[in-house]
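One structure is given below, encoded as structure tokens.
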């Protein structure tokens with residue numbers, strides 16, 4: 001029930017964000033729109049504007065994954081699948097002003113870490129949707145690289161005025177191709193007689209780094225999660 005009210009509140013807020021931004025004014029106006037008190041609205045989104053914007057971002061990630069499940073990607077190369085998911089994520093946004101206002105919010109020093117976490121989360125959702133099974137340092141490097149790629153694609157998309165965002169999709173393809181070329185370069189370095197031993201040494205040194213567990217540990221007394 002609470003989730004349904006939060007969804008309705010977020011839906012109502014989206015009409016106000018382009019004019020008032022992600023803030024208390026928007027939250028309280030949305031509350032009035034759906035017939036609840038401002039106190040109830042602030043209770044539903046305990047962190048206010050940040051929580052609302054984060055919920056909007058998560059909704060876009062969900063839409064991206066849902067679209068991927070409905071799409072036939074059997075004929076696509078791996079790099080094309082990554083590019084398709086980035087495109088699906090951008091196309092999940094109906095109004096660019098919602099993202100622009102979000103960038104303003106997350107550019108504030110106190111919100112910067114949350115903004116970075118959301119972009120990291122999008123990169124993680126993409127790799128998980130593609131069946132990534134890495135559990136070592138590669139788990140982190142994949143998400144770091146894709147977070148950077150996704151961030152630059154968002155900036156390009158926001159300024160793109162080409163028909164049907166054709167320039168953005170070309171840019172996305174080019175950036176993903178750059179990443180794949182870098183991966184091929186790393187493979188060549190590992191196989192080279194000169195640098196191969198060094199990369200093997202680094203791989204051994206970093207072998208203790210593991211991907212975070214996605215299930216709670218039973219040997220610990222509790223678990224912390226980000227407040228909504």
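Suppose we filter region 155-166 for residues that are over 18 Å from the mean Cα position of the chain (by Cα), under 21 Å from residue 98 (Cβ atoms) and in a helix (DSSP H, G or I); how many remain?
Residues that pass the stated criteria total 3.
Of all residues in region 17-56 being under 23 Å from the mean Cα position of the chain (by Cα) and exposed (fewer than 15 other Cβ atoms within 10 Å of the Cβ), which is nearest to residue 103 (Cα to Cα)?
18
Please find, within region 1-11, the residue that is surrounded by the most Cβ atoms within 10 Å (Cβ to Cβ) out of those that are more than 23 Å from the chain's Cα centre (by Cα) and in contact (Cβ under 8 Å) with a residue 12 or more places away in the chain.
5
Between a residue in region 123-139 that is over 13 Å from residue 82 (Cβ atoms) and any residue that is part of a loop (DSSP other than H, G, I, E, B), which pairs come within a Cβ distance under 6 Å, given they are 6 or more apart or on different chains?
As it stands, the answer is 135/210; 135/211; 137/206; 137/209; 139/211, since those pairs meet every condition given.
Quick check, is residue 89 closer than 18 Å to residue 115 by Cβ, modelled with pLDDT of 95 or more and crowded, with 16+ Cβ neighbours inside 10 Å? Full working, then the answer.
On the way: closer than 18 Å to residue 115 by Cβ: yes; modelled with pLDDT of 95 or more: yes; crowded, with 16+ Cβ neighbours inside 10 Å: yes.
Taking the combined requirement at face value, the residue satisfies it.
Would you confirm whether any residue within region 93-107 is over 13 Å from the mean Cα position of the chain (by Cα) and within 24 Å of residue 73 (Cβ to Cβ)?
Checked region 93-107: at least one residue is over 13 Å from the mean Cα position of the chain (by Cα) and within 24 Å of residue 73 (Cβ to Cβ).
Take the residues in region 118-138 that are at pLDDT below 90 and part of a helix (DSSP H, G or I), then tell me which one is surrounded by the most Cβ atoms within 10 Å (Cβ to Cβ).
Looking at the filtered set, the residue picked out is 137.
Can you name the residue in region 163-175 that is touching a helix residue (DSSP H, G or I) at 6+ places or on another chain (Cβ under 7 Å) and either free of Cβ contacts under 8 Å to residues at least 40 places away in the same chain or loosely packed, with under 15 Cβ neighbours inside 10 Å (or both) and, of all such residues, is farthest from residue 95 (Cα to Cα)? Explain how you work it out, then say what you get.
Let us first name the residues in region 163-175 that are touching a helix residue (DSSP H, G or I) at 6+ places or on another chain (Cβ under 7 Å), namely 165, 168-169, 171-173, 175.
Cutting the leftovers down to either free of Cβ contacts under 8 Å to residues at least 40 places away in the same chain or loosely packed, with under 15 Cβ neighbours inside 10 Å (or both) gives us 171, 175.
Values: 171: 20, 175: 24 Å.
Of everything passing the filter in region 163-175, 175 is farthest from residue 95 (Cα to Cα).
Restrict the check to region 73-81 and report whether at least one residue is in a helix (DSSP H, G or I), within 18 Å of the chain's Cα centre (by Cα), touching a residue at least 40 places away in the same chain (Cβ under 8 Å) and closer than 17 Å to residue 121 by Cα.
No - not one qualifying residue is present in region 73-81.
Run residue 84 past the list (1) surrounded by 19 or more Cβ atoms within 10 Å (Cβ to Cβ); (2) touching a helix residue (DSSP H, G or I) at 6+ places or on another chain (Cβ under 7 Å); (3) at pLDDT 95 or above and report the number of the one that doesn't hold.
With (1) surrounded by 19 or more Cβ atoms within 10 Å (Cβ to Cβ); (2) touching a helix residue (DSSP H, G or I) at 6+ places or on another chain (Cβ under 7 Å); (3) at pLDDT 95 or above applied to residue 84, the lone miss is (2).
Condition test on residue 147, is it assigned to a helix (DSSP H, G or I), out of contact with any helix residue (DSSP H, G or I) (no Cβ under 9 Å at 6 or more places or on another chain) and within 24 Å of residue 76 (Cα to Cα)?
Answer is no for this residue.
Being assigned to a helix (DSSP H, G or I) and either within 14 Å of the chain's Cα centre (by Cα) or more than 26 Å from residue 170 (Cβ to Cβ) (or both): is that true of residue 59 here?
Spelling it out, residue 59 is indeed assigned to a helix (DSSP H, G or I) and either within 14 Å of the chain's Cα centre (by Cα) or more than 26 Å from residue 170 (Cβ to Cβ) (or both).
Which one is farthest from residue 108 (Cα to Cα), of the residues in region 12-39 that are free of Cβ contacts under 8 Å to residues at least 12 places away in the same chain and in a helix (DSSP H, G or I)?
32
The values are calculated or read from the model by the stated rules, or taken from the named source; none is laboratory data. All values derive from a computational prediction rather than experimental measurement. Glycine gets a Cβ as well: all are built from the backbone with ideal geometry, and neighbour counts include every protein chain shown.
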